[in-house]
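Some notes on the structure that comes next.
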Amino acid sequence: MLKIVSMASNYIKIFMDGENRIHQKALAWLQSQHDHIVEIDLMKEPITPRRLEELAAELNCTARDMVNEQSEKFQKDYANADLSEHDWLTVLAHNHDMIRMPIVVKDNKAVFLDSPGDVVSLEDLFN
């Protein structure tokens, strides 16, 4: 018998770098806790400025807040940049390695997982 699952509140998305060990561990933990995980490897899949804008809204932050300041590209080219929201969205869409990840999304809420301990913050997201 085929089971049909609604995309609405059953699915959890994780935006990540599929080659990053910490991101892989976060994915494995999510998969151990929930059945419907959608992995989005930003190193392989394009993301538009519009989708980044939506992610920022789900995270309740600005595009600038989504920047991984530890990335080599940021340090080299953007550390002192004073860009508009639109410009940051465009920069991130073209430089996925500059996006702060992993990001976990459920429904219209999202959180950054900056450290392994941040999985605790997922309980608020899932409830």
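The values are calculated or read from the model by the stated rules, or taken from the named source; none is laboratory data. All of these numbers come straight from a predicted model, not from anything done at the bench. We place every Cβ from the backbone using ideal geometry, glycine too, and count neighbours over all the protein chains shown.
Summary of computed values
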quantity: Spans of strands (runs of 3 or more DSSP E) in region 28-114 with at least 1 residues over 12 Å from the mean Cα position of the chain (by Cα) and surrounded by fewer than 19 Cβ atoms within 10 Å (Cβ to Cβ); calculated: 37-41
quantity: Test set (1) touching a residue at least 24 places away in the same chain (Cβ under 8 Å); (2) within 20 Å of Asn10 (Cβ to Cβ) - Ser32 fails condition number; calculated: (1)
quantity: Glu53 vs. criteria touching a strand residue (DSSP E or B) at 6+ places or on another chain (Cβ under 9 Å), modelled with pLDDT of 90 or more and within 16 Å of Arg100 (Cα to Cα); calculated: no
